[in-house]
Amino acid sequence: SNPSGHQDKSIREKVCNLLTQYSACDGVDLDTDVLFAIGANVYGFEVKKKSVPDIAAATAKPPDVIIDFEYMKVFMKEVFLSYGVPEDRAETCSDVLIEADKRGIDSHGLGRLKPIYCDRIDAGILSPSMPIDVINETETTALIDGNLGMGLYIGPHCMNMAIEKAKKYGVGFVACKNSTHYGIAGYYATMASDAGCIGFTGTNARPSIAPTFGVEPMLGTNPLVFGLPTHDDFP
């Protein structure tokens with residue numbers, strides 16, 4: 001097909017094979033190397049330029065993976081069940097955590113499942129399920145012992161008690177000892193406002209904040225949260 005090319009087919013094939021191997025070497029410039037020009041004009045060699053990697057595509061950020069809230073909740077519930085948390089309590093625990101993610105409070109949602117709950121159960125400093133004991137109780141107040149169970153189900157239990165008392169007597173106050181991390185405090189204030197009550201909740205926390213001009217953590221975050229119902233679609 002190349003009138004000016006070499007007439008011996010075996011020689012043409014041999015030269016073309018050698019040029020193909022040579023073209024694959026690092027540093028070879030297919031555009032300026034005279035060997036490829038001779039090979040194309042004399043031996044019918046087809047210059048196949050190396051493909052240039054798409055740098056933009058190679059460095060492009062992969063698309064974000066969006067996981068449905070319900071999927072995340074079911075996943076957390078399954079994890080709690082695998083640790084021995086009863087079905088109803090596992091449902092409550094996962095609901096408290098997923099509510100944090102729904103509100104954009106990433107620090108207290110799925111991200112805490114392993115380090116705060118799973119790891120502490122593994123370390124033996126948190127029990128997956130313990131009885132909730134009533135130490136003292138009046139019509140409007142109660143003192144609860146959580147027995148170092150999971151605060152994620154102890155907290156809702158206490159708030160439900162307070163709501164029931166408030167509905168019946170106008171006010172309800174429930175305190176708890178020997179509980180553990182109970183998630184976002186806003187979950188409990190919302191429980192009250194959803195029930196038509198003014199809710200107030202708080203908890204102590206481990207020392208994690210240094211006092212003014214201090215360097216050693218001595219104060220807890222100790223959140224205090226309140227919520228009240230309104231005529232709007234949100235409290």
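The values are calculated or read from the model by the stated rules, or taken from the named source; none is laboratory data. As the structure is a prediction and not an experimental result, all values here were calculated from the model. Methodologically, a virtual Cβ is constructed for each residue, glycine included, from the backbone with ideal geometry; neighbour enumeration extends over all protein chains shown. Accessible surface areas use protein heavy atoms only, side chains included; no ligands, DNA or RNA. Shrake-Rupley method; radii C 1.70, N 1.55, O 1.52, S 1.80 Å.
Once fully extended, how much extra length lies between ALA123 and ALA210, figured as 0.36 nm per residue of separation less the alpha-carbon to alpha-carbon distance?
28.6 nm
Antiparallel DSSP bridges in the chain: what percent, to the nearest 5?
Here the antiparallel bridges make up roughly 65 percent for the chain.
So, taking all protein chains as they sit and a 1.4 Å probe, how much accessible area belongs to GLU87, in Å² rounded to tens?
110 Å²
Could you provide, to the nearest whole Å², the per residue accessible area of the chain with probe 1.4 Å?
Dividing the accessible area of the chain by its residue count gives 64 Å².
Can you check what the net charge comes to around ILE67, using other residues whose Cβ is under 14 Å from the Cβ of ILE67 (Lys, Arg +1; Asp, Glu -1)?
With Lys, Arg at +1 and Asp, Glu at -1, the net is -3.
Using the alpha-carbon centroid of each, what span in Å lies between the stretch 214-235 and the stretch 92-168?
16 Å
With charges only on Cβ, +1 for K and R and -1 for D and E, what is the dipole size of the chain about its Cα centre, in debye, rounded to 20?
300 debye
So for the chain, taking the charge dipole from beta-carbon charges (+1 Lys/Arg, -1 Asp/Glu), which of GLY170, THR230, VAL134 sits furthest toward the positive end?
VAL134
Mean Kyte-Doolittle of at least -1.0 plus a Cα span of 18 Å or more along the axis: flag which DSSP H helices in the chain meet both, please.
The qualifying helices are 9-23, 69-82, 87-102, 151-169.
Could you rank SER193, SER10, SER127 by how accessible they are, 1.4 Å probe, largest area first?
Order by accessible area, largest first: SER10, SER127, SER193.
Taking 8 Å as the Cα distance limit and 6 or more residues as the minimum spacing, I'd like the relative contact order of the chain as a percentage.
11 percent.
Which of LYS77/LYS177; LYS114/LYS165; LYS102/LYS168; LYS114/LYS177; LYS114/LYS168; LYS73/LYS168 have a Cα-Cα distance over 30 Å?
Flagged as over cut-off: LYS114/LYS165; LYS102/LYS168; LYS114/LYS168; LYS73/LYS168.
Amide H of ILE144 versus every other amide H placed in the peptide plane: which residues, excluding those fewer than 5 positions away on the same chain, fall under 5 Å?
For ILE144, the qualifying residues are ILE135, ALA175, CYS176, LYS177.
Roll a 1.4 angstrom probe over the protein heavy atoms and tell me the percent of accessible area of the chain that is carbon or sulfur.
The computed percentage sits at 57.
Averaging over all projection directions, find the projected area of the Cα convex hull of the stretch 89-235 and quote it in nm² with one decimal place.
If you wrap the Cα atoms of the stretch 89-235 in a convex hull and average its projections, you get 10.3 nm².
So how far apart, in nm, are the two label points at ILE67 and MET218 if each is 7 Å from Cα heading toward Cβ?
Reported label-point gap for ILE67 and MET218 is 4.0 nm.
What FRET efficiency would be calculated for the residue pair SER82, ALA24, taking the C-beta separation as r and a Förster radius of 45 Å, to the nearest 0.05?
That pair, SER82 with ALA24, gives E of 0.25.
Compute log10 of I(q)/I(0) for the stretch 196-235 with the Debye formula, placing one identical point scatterer on every Cα and leaving out solvent, at q = 0.21, 0.29 Å⁻¹, to two decimals.
Each listed q maps to, in turn, -0.68, -0.92.
Across 10 Å bins from 0, what is the distribution of all Cα-Cα pair distances for the stretch 149-225, in whole percents?
P(r) over the stretch 149-225, rounded to whole percents: 18, 44, 24, 11, 2.
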